[in-house]
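Colleague: I have a structure I would like to understand better, so I am pasting it below and will then ask my questions one at a time.
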Amino acid sequence: MAKEQGSLSINSENIFPIIKKWLYSDHDIFIRELVSNGCDAITKVKKLDMMGEITLPDDYKPQMHVIANPEEKTLQFIDNGIGMTEAEVKEYINQIAFSGAQAFLEQYKDKTNEDQIIGHFGLGFYSAFMVADKVTIDTLSCKPGESAVHWQSEGGTTFEMDECSMEEFGTRITLFLNEDSYEFANEYRVKEVLAKYCSFMPTEIYFEKANAEPEYETIDAEDVKDTDTVIENIVEEAKTEEKENENGEKEIVEVSPRKEKAKIVKRPVPINNPKPLWTKHPNECTEEEYKDFYRDVFHDYKEPLFWIHLNMDYPFNLKGILYFPKLNTEYDNLEGLIKLYNNQVFIADNIKEVIPEFLMLLKGVIDCPDLPLNVSRSALQNDGFVKKISDYITKKIADKLSGMFKVERENYEKYWDDISPFIRFGCVKDEKFYEKMKDYMLYKDLDGKYLTLKEYIKASKGETEETENAENTTAENTENNHEETETITVEPTKETETAAEDTEKESDSEEGSEEKEKDIVYYVTDPKQQSQYINIFREQGINAFVLTHNIDQPYVQMLEQKEESVRFQRIDSDLTDTLREEVSSDEEETMKKEQDALTELFRKALKKEKLEVKVEKLKNENVSSMITLSEDSRRMQDMMRMYSMGGMGMDADMFGGEGQTLVLNSSNKLVQRIFEKKDDENITMFCEHLYDLAMLSHKPLEAEAMTKFIARSNEMMLKLAE
């Protein structure tokens with residue numbers, strides 16, 4: 001061919017500034033693009049061989065080489081793929097943004113059912129100009145009789161083409177790096193990028209440093225291959241030792257035979273794994289392989305709890321493995337990592353369009369060749385197809401968890417503390433996930449036992465499994481009776497219509513009253529701090545859930561909206577009837593008078609004008625006082641803390657004491673003495689101390705209040721010692 005010069009045909013105005021500044025989101029992305037193009041070229045040449053268009057040599061070994069030259073500040077990408085003819089170079093390289101893959105697929109669409117091939121040429125190649133002042137291509141087509149082509153451009157819109165002397169088909173791209181990009185001639189930097197993007201590309205990739213000192217290894221002589229360069233033949237003589245035989249005589253025994261070895265130039269090792277675990281069928285993978293893959297990819301040497309292997313071919317192609325790591329106890333510290341691939345080419349981490357937000361607490365890989373990508377392969381189009389992928393992943397997670405609950409509940413409970421933050425977060429963020437998981441949500445009770453919400457409510461009502469079975473049997477019998485009963489139609493008279501209307505009104509009234517009655521679910525948020533309340537509940541046989549995680553509060557709010565018959569109430573928010581002693585009308589009248597008097601007394605002593613005081617006769621006479629805070633007030637405080645308003649004195653006092661109630665136990669001797677000695681000179685000190693004792697069982701005292709509490713305790717002990 002004659003030497004040719006010309007201007008590149010630009011389909012988009014000012015494309016080079018676009019490429020350099022914002023077309024590719026990461027500066028190192030060009031390595032992924034050029035390696036990926038090389039792998040695609042190899043895929044194409046293998047397909048042509050499979051379809052009989054060409055015949056590959058028997059010793060053909062598909063491979064990609066990346067060579068960094070720190071002295072010359074160059075970076076080369078060499079593949080033994082399909083190569084290009086002169087005409088193809090003009091079409092695919094000189095005409096920017098023309099997709100070679102589209103024409104290739106159109107030509108062979110009736111001859112293969114393989115998955116769509118990512119384009120070998122087009123804008124991916126031009127990412128080279130992000131880092132290079134000059135780029136050259138040397139290429140030889142796999143088609144017989146074609147000449148090798150040399151192409152070069154010095155970063156502008158002009159090019160030169162000529163023949164070259166390549167003898168084997170394939171493509172060699174050389175980047176002459178610009179001054180700002182010399183880092184990519186450094187072997188460690190290039191290896192880092194290759195590990196990031198190319199660890200699982202489907203073709204073996206080899207990295208070399210130009211002019212590097214050769215490395216050697218010693219192997220058995222029988223393992224030497226024709227391709228090995230032997231530096232030295234080595235003979236290891238047999239080793240012998242003097243040992244005592246059965247007769248007690250000493251003799252020389254050979255313990256290691258004579259060995260012939262060879263010192264060879266170290267064989268190149270690919271930097272990638274072309275057949276990652278997710279490409280295999282789940283039945284072909286062992287437990288140890290899953291664990292090894294997890295350690296290799298995520299460098300987490302704590303074993304994952306369990307995993308889900310995604311393997312779907314229809315209606316879209318998606319494979320992957322999602323791991324449930326041992327999660328941290330605080331939601332704020334949870335950090336997962338989902339790596340997204342397209343045909344084993346790394347795209348990005350944690351892309352929210354594909355991966356539901358709550359799944360980002362997990363670790364895993366997802367490979368979806370059908371993902372709609374833009375030209376840089378690093379941003380997804382947010383369309384309906386992507387939403388279907390997200391929904392599928394969510395469904396598979398829910399199916400795995402519900403299956404474990406039904407078949408392996410013991411294991412499910414063992415993992416629950418670690419996975420519950422993730423599951424509850426998922427329920428809050430994804431309504432479909434909640435609908436699938438709501439019957440399989442567990443809650444730990446005061447005894448450390450795991451219950452579902454239904455199990456807790458049935459137990460609180462005294463219903464047992466036998467009761468439930470009896471109800472089911474009754475329902476079945478009723479249904480059967482209905483099936484056997486002949487249906488008789490009666491025309492309604494005026495009287496029957498009126499009666500029916502009255503009955504309907506009564507029924508509506510009953511339904512209305514039932515809607516107001518909610519099943520109360522008690523819970524604790526700090527078993528140590530709320531221990532006094534827990535002990536009182538235990539004495540009365542009342543159970544409660546332990547909800548200590550940050551995600552529990554928004555989860556409870558969501559749950560109450562979904563399940564309108566359920567109301568969550570912290571055990572220190574109010575007193576239940578089961579904790580009170582029954583009192584006569586006379587006692588009730590007396591307690592009312594005490595309550596009015598003590599309210600005035602404590603408000604004055606504590607300087608809390610809005611403090612509510614209740615006098616109750618509790619079954620446990622050892623409890624002198626308690627602080628309760630209405631569930632609504634406490635939730636308001638929690639919400640304000642969540643929005644970083646904790647510096648405002650986050651207790652009931654910020655509401656002037658609204659919602660806060662001091663409960664005084666009339667059965668307690670200390671409370672009785674205070675009522676009897678309302679005029680005592682130390683009554684203010686007693687009121688303050690009793691209030692602080694109640695507050696301590698509710699929450700830690702603030703610094704100033706604690707200082708006063710300690711000083712007052714010392715003063716009271718001194719008075720007792722006098």
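Colleague: Set the Förster distance to 41 Å, then compute FRET efficiency between Glu539 and Lys400 from the Cβ-Cβ distance, nearest 0.05.
Modeller: FRET efficiency, Glu539 to Lys400: 0.50.
Colleague: If DNA, RNA and ligands are ignored and the probe is 1.4 Å, what is the ranking of Phe77, Phe176 by accessible area, most exposed first?
Modeller: Phe176, Phe77
Colleague: Taking the Cβ of Glu587 as the centre, find all other residues whose Cβ is under 13 Å away and add up their charges (Lys, Arg: +1; Asp, Glu: -1).
Modeller: For residues surrounding Glu587, the net value is -3.
Colleague: How much net charge surrounds Ile173 when only other residues with a Cβ under 10 Å from its Cβ are counted (Lys, Arg +1; Asp, Glu -1)?
Modeller: Values: positive: Arg172; negative: Asp79, Asp138.
Neighbourhood net charge equals -1.
Colleague: How much of the accessible area of the stretch 158-314, in percent, comes from carbon and sulfur atoms when a 1.4 Å probe is used?
Modeller: 42 percent
Colleague: Extension gain Met558-Lys250, at 0.36 nm per residue separation less the Cα-Cα distance, in nm? Show your work: numbers first, answer last.
Modeller: Working: separation 308, 0.36 × 308 = 110.88 nm, distance 8.38 nm.
Contour length minus Cα-Cα distance gives 102.5 nm.
Colleague: I need the phi-derived Karplus couplings for the stretch 558-571: 6.51 cos²θ - 1.76 cosθ + 1.60, θ = phi - 60°, integer Hz, Gly and Pro marked x.
Modeller: My calculation for the stretch 558-571 gives 5, 4, 5, 6, 7, 9, 5, 8, 10, 10, 8, 9, 5, 5 Hz in order.
Colleague: Once phi is turned into θ = phi - 60°, what whole-Hz ³J(HN,Hα) does the Karplus curve with 6.51, -1.76 and 1.60 give for every residue of the stretch 575-583, x standing for Gly and Pro?
Modeller: So the Karplus estimates, Gly and Pro as x, are 9, 8, 4, 5, 8, 9, 7, 6, 10 Hz.
Colleague: Right, another one. What is the distance in Å between the Cα centroid of the stretch 35-93 and that of the stretch 236-310?
Modeller: 34 Å
Colleague: Here is a further query. Suppose all protein chains stay in the model; what accessible area per residue would a 1.4 Å probe give for the stretch 390-440, in Å²?
Modeller: On a per-residue basis, 44 Å².
Colleague: I would also like to ask the following. Near His65, within a Cβ-to-Cβ distance under 11 Å, what is the net charge of the other residues, with Lys and Arg +1 and Asp and Glu -1?
Modeller: -2
Colleague: Quick check for you: with a 1.4 Å probe and neighbouring chains kept, what is the accessible area per residue of the stretch 222-293, in Å²?
Modeller: On a per-residue basis, 77 Å².
Colleague: Please say if the stretch 577-636 is rounded, prolate or oblate, where rounded means a/c under 1.5 for a ≥ b ≥ c the square roots of the C-alpha gyration tensor eigenvalues, and otherwise the choice is prolate for a/b larger than b/c and oblate otherwise?
Modeller: In terms of gyration-tensor shape, oblate.
Colleague: Quick one: how many Å² of Ser390 are accessible to a 1.4 Å probe, rounded to 10?
Modeller: 20 Å²
Colleague: At what distance in nm do the modelled label points of Ser565 and Glu242 sit from each other, each positioned 7 Å from its Cα along Cα→Cβ?
Modeller: Output for this residue pair reads 9.1 nm.
Colleague: Can you tell me which of 702-712, 263-273 comes out highest on packing, and rank the rest after it, using the mean Cβ neighbours within 10 Å? Working shown, then result.
Modeller: On the way: 702-712: 12.6, 263-273: 15.1.
Ranking the peptides 702-712, 263-273 by packing returns 263-273, 702-712.
The values are calculated or read from the model by the stated rules, or taken from the named source; none is laboratory data. Note that this is a predicted model, so its numbers are computed, not measured. Neighbour counts run over all protein chains shown; Cβ positions are idealised from the backbone, glycine included. Surface accessibility is based on the protein's heavy atoms, side chains included, excluding ligands, DNA and RNA. Shrake-Rupley method; radii C 1.70, N 1.55, O 1.52, S 1.80 Å.
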